[in-house]
Each structure stands twice: as C-alpha cells, then as structure tokens.
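What follows is one structure encoded as structure tokens, with my remarks underneath.
The values are calculated or read from the model by the stated rules, or taken from the named source; none is laboratory data. This structure is a prediction, so every number in the text was calculated from the model and none was measured. Glycine gets a Cβ as well: all are built from the backbone with ideal geometry, and neighbour counts include every protein chain shown.
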Amino acid sequence: MARRHDLVGLTVLAMLTVRAAHPYELHRFIVDTHKDFITGLPRSLYHAVERLAKDELIVPAGTDREGRRPERTVYEITGEGREELATRLRRLLETPDPNRLTFVAAVSLMGCLPLADAQRALRTRGAAIEGILAGLDAHMRALDAGGLPRVLMLEIEYEQALYTAELDWITGLLDRLDKGELDWAPTIEM
C-alpha cells in the first residue's frame with residue numbers, strides 16, 4: 001500500500017495529526033516552513049492526498065469556503081493513518097539510506113512519534129551506522145593493504161566522514177532527549 005519513501009504523503013499524515021486541513025492549507029504550511037524535502041508542489045501534494053484518501057489513511061471531514069473561493073475539502077487522519085505514519089517514520093529513522101533527504105524528512109516529523117519510539121528508532125539507526133562505519137573501515141584497510149593509492153579511496157573517506165558526523169549528531173540528540181532538554185510535544189502548527 002505505502003510507497004517506499006512517499007515524503008509528501010508522510011508530511012500530510014504528520015500535519016493532519018495536529019488538526020484537520022484542506023490541501024491548500026497543507027501546501028501553505030509546507031512552503032512557509034521550508035519543508036525542502038518536498039518537491040513538485042502543488043501537484044505532488046494533491047496526488048498524495050488522493051492516494052491517502054484512496055487508501056483510507058485520511059478521510060474527508062467536511063468542506064470549507066472562504067469568501068467567494070470554491071469549497072475545499074477538509075481532511076482528517078484515520079486511526080489506520082496514524083499507525084501508517086508511525087510505521088513509516090520509525091522505518092525512516094531506523095534505516096540509513098544513501099538518500100539522506102529521507103532522514104531529514106523523518107527528523108523533521110519525528111515529533112509525531114512517542115518519545116520512547118523516537119529514541120528507540122534513533123538508537124537502532126546509530127547501531128546500524130556503527131556497523132556501516134566498521135565495514136567502511138575494513139574496506140579501507142583492505143584497499144590500503146592492496147596498495148591502492150589513497151587518492152582513489154577519497155569517496156570512502158567522504159562516506160566515513162558523513163556517517164561519523166551523523167552518528168555524532170544522533171548521539172548528541174539522544175543525550176539531549178535523555179536529559180529532557182527538548183520539549184516533546186507536537187510542534188506542527190498550521
């Protein structure tokens with residue numbers, strides 16, 4: 001049912017956990033808050049709303065009309081939509097992906113998860129990154145032993161640097177969460 005990385009649909013589900021809204025409101029929120037991981041607006045947003053409604057993850061809650069503008073359908077998230085949102089967010093948080101934009105999106109919306117779920121997902125991701133770094137390190141040692149010039153391994157060094165920085169950030173975030181330094185209340189307001 002769910003597309004692998006439907007970041008537009010994920011964002012719509014997250015925003016509808018705060019309150020029911022029509023697609024134009026959702027579009028304005030995405031633009032105003034610079035959710036730059038969303039591309040192809042407004043068409044991608046309207047397609048995502050259609051898919052989510054077809055899959056019964058959101059349902060019409062009524063219509064809204066401002067002045068002489070046409071009526072707009074207001075949508076709300078269903079219980080199944082909330083479960084799907086949590087599942088997708090956990091998966092994106094837990095699993096390192098070469099497309100780092102998916103992690104940016106997940107971090108942007110992870111306040112929709114219970115704190116314990118977000119912490120567990122981030123710890124899982126941290127462990128996965130530690131494994132990736134160990135693999136990259138072993139690969140570098142093998143290439144070094146084979147006499148490959150270091151200049152031909154710069155992309156591996158670059159990947160190591162990116163994963164190391166991400167792991168450091170995750171570790172710092174988890175520390176802040178463990179200390180209660182971040183307010184864990186829904187922060188999406190439209």
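Any residue in the stretch 95-122 that's β-branched (Val, Ile, Thr): show its pairings with residues that are crowded, with 18+ Cβ neighbours inside 10 Å and modelled with pLDDT of 95 or more at Cβ separation under 6 Å, as long as the two are six or more apart or on different chains.
Thr102/Leu92
Let me confirm something: among Asp36, Asp55, which residue is closer than 30 Å to Arg123 by Cα and among the acidic types (Asp, Glu)?
Numbers: Asp55 fails: closer than 30 Å to Arg123 by Cα.
Answer to the check: Asp36.
Run down Glu94, Glu50, Glu84, Glu56 and say which single residue is within 25 Å of Leu162 (Cα to Cα) and out of contact with any strand residue (DSSP E or B) (no Cβ under 6 Å at 6 or more places or on another chain).
Glu94
Going through the stretch 126-169 one residue at a time, which ones are among the basic types (Lys, Arg) and either exposed (fewer than 10 other Cβ atoms within 10 Å of the Cβ) or out of contact with any helix residue (DSSP H, G or I) (no Cβ under 9 Å at 6 or more places or on another chain) (or both)?
Answer for the stretch 126-169, where residues must be among the basic types (Lys, Arg) and either exposed (fewer than 10 other Cβ atoms within 10 Å of the Cβ) or out of contact with any helix residue (DSSP H, G or I) (no Cβ under 9 Å at 6 or more places or on another chain) (or both): just Arg141.
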